[in-house]
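See structure below.
We did not get these values from a lab; they are worked out from the coordinates using the rules stated. All values reported here derive from a predicted model rather than from experimental measurement. Using ideal geometry, Cβ is built from the backbone for each residue, glycine included, and neighbour counts are taken over all protein chains shown.
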Amino acid sequence: MLTEQQSAFVERQRVAHLATADAGGRPHVVPVCFVQREGKFYISIDEKPKRSVRLRRLRNIAENQSVALVFDRYTEDWEELGYVLVFGQASVLAGGAEYEAALAGLRERYAQYRSQALEGRPLVRIDPERVASWGRLG
């Protein structure tokens with residue numbers, strides 16, 4: 001769904017921002033690490049200190065699967081600004097071949113994940129439905 005230029009821009013970003021909303025439409029946005037595989041995006045719930053694995057983003061997805069994921073570049077030179085905005089449907093994976101492949105991709109992309117026990121923790125999958133972009137993506 002992403003163009004070659006959009007996909008290359010996304011791959012250069014280390015962090016994205018995931019926007020979810022509960023059933024009442026109350027928004028929630030958090031920075032996330034991600035991997036892009038076969039046209040989908042995957043986000044792990046890692047071991048960084050959290051009060052619970054039952055995070056608001058997961059509760060929101062259970063109530064409302066519509067999400068947005070933004071990848072952006074900011075610089076003081078406003079000629080270089082750009083973003084890719086992905087709208088899609090989210091689901092939570094708990095195991096299986098797709099889960100294992102996504103975890104492997106996340107560990108390859110982020111060295112910090114290599115020492116974390118991510119197995120058994122939820123994994124968010126985003127299936128893109130629409131993509132918008134703006135600015136200098138190259």
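By the combined test of axial Cα extent (at least 20 Å) and Kyte-Doolittle hydropathy (mean at least 1.6), none of the DSSP H helices of the chain qualifies.
Can you give the net charge of the other residues whose Cβ lies under 11 Å from the Cβ of Arg37, counting K and R as +1 and D and E as -1?
Numbers: positive: Lys40, Arg109, Arg125; negative: Glu38, Glu98, Glu108.
That sum, taken over residues with Cβ under 11 Å, equals 0.
PRE reach from Glu38 (point 7 Å along Cα→Cβ): which of segment 1-25 fall under 16 Å by backbone N? Zone members listed by number: 1. Positive contributions from Lys and Arg (+1) and negative ones from Asp and Glu (-1), summed over other residues with Cβ under 13 Å from the Cβ of Pro128, come out at +1.
Rg over Rh for the chain works out to 0.96, using Cα positions for both radii and the Kirkwood form for Rh. Shape index of segment 58-127: Rg/Rh, with Rg the Cα radius of gyration and Rh the Kirkwood radius from the inverse mean 1/r over Cα pairs, equals 1.07.
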